[in-house]
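Enquirer: Take a look at this one; I'll ask things after.
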Amino acid sequence: MSRVFVITGPSGVGKGTLIRQLLDRVPDLELSVSATTRTPRAGEQPGVDYHFLTDGEFDRRIDEGDFVEWAEYSGRRYGTLRSELDKRTGAGIPVVLEIEVQGARQVRDTLPDAVRIFIAPPSAEVLRNRLVGRGTDPEEEIERRLRVADEELAAQAEFAHVVENDRLEDAITELQQIVCTSLSA
Ligand code: 5GP
């Protein structure tokens, strides 16, 4: 069974940027493409950024037991498809899940050997500035995400690895170290 890495943390903390760099530096590693019921943002491609599903399709996939985990986040549903994991772990390819905290908790029970890493912001204020600065979400959505972030930040003690994303270069180095140590164990 190949390694599964779960990378979680509040929206805006920089999970996506860190993971892109991690994938560049650890070429064997692949990212699982999640399913979601939210609508695509400008530039997002179906099957690449997400599998964009209708509510009905998402319900059907739940009923069929297709999800390793799924959660509701900011009024939309997000989930990891078993097929995305199996096609990689079956071929011995280590895989990264980029998911929110409720999903990461479920994975603790369903995939107990997964390496779970929490990405933390240096402060709540920095998180707000990043969410506003990236310009991908309307103000109302940012406020909703920041409310969820308070709860998510309180959960970081549940994770064996916490990487603070203050200076990007330091955070990526730390993340890479955690992943490479686990891959060579
Ligand atoms: P966004 O709408 O910004 O793409 O994602 C919102 C949140 O959902 C982020 O914290 C992201 O990590 C999380 N997310 C993305 N895919 C999944 C998934 O498959 N499962 C869960 N539980 N959360 C996910």
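The values are calculated or read from the model by the stated rules, or taken from the named source; none is laboratory data. Remember, predicted model here, so these are calculated numbers, not experimental data. Neighbour counts are summed over all protein chains in view; Cβ atoms, including those assigned to glycine, are modelled from backbone coordinates with ideal geometry.
Enquirer: Taking the stated definitions as given, is D28 charged (D, E, K, R) and without any contact (Cβ under 8 Å) to a residue 60 or more places away in the chain? First the steps, then the outcome.
Expert: Details: charged (D, E, K, R): yes; without any contact (Cβ under 8 Å) to a residue 60 or more places away in the chain: no.
When the stated conditions are applied, D28 does not pass them.
Enquirer: Given the structure, is R20 modelled with pLDDT of 95 or more and more than 10 Å from the ligand (Cβ to nearest atom)?
Expert: Yes, satisfied.
Enquirer: Tell me which of these E84 doesn't satisfy, since it passes every other one: (1) of a type outside the set (G, A, S); (2) touching a helix residue (DSSP H, G or I) at 6+ places or on another chain (Cβ under 8 Å); (3) farther than 19 Å from L183 by Cα; (4) crowded, with 19+ Cβ neighbours inside 10 Å.
Expert: Looking at each condition in turn, E84 falls short on (2).
To keep it simple, each residue is scored yes or no on (1) under 21 Å from R3 (Cβ atoms); (2) out of contact with any strand residue (DSSP E or B) (no Cβ under 9 Å at 6 or more places or on another chain).
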position	(1), (2)
L53	no, no
G56	no, yes
R60	no, yes
G65	no, yes
E72	no, no
R88	yes, no
L97	yes, no
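Residue-wise test of (1) touching a residue at least 60 places away in the same chain (Cβ under 8 Å); (2) more than 13 Å from the ligand (Cβ to nearest atom); (3) loosely packed, with under 13 Cβ neighbours inside 10 Å; (4) more than 15 Å from the chain's Cα centre (by Cα).
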residue	(1), (2), (3), (4)
V95	yes, no, no, no
G103	yes, no, no, no
D113	yes, yes, yes, yes
R144	yes, no, no, yes
D150	no, yes, yes, yes
E169	no, yes, yes, yes
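Enquirer: Based on this model, can you work out whether V48 counts as buried (at least 17 other Cβ atoms within 10 Å of the Cβ) and either more than 21 Å from R144 (Cα to Cα) or free of Cβ contacts under 8 Å to residues at least 40 places away in the same chain (or both)? Show your work before the answer.
Expert: Numbers: buried (at least 17 other Cβ atoms within 10 Å of the Cβ): no; either more than 21 Å from R144 (Cα to Cα) or free of Cβ contacts under 8 Å to residues at least 40 places away in the same chain (or both): yes.
Taking the combined requirement at face value, the residue does not satisfy it.
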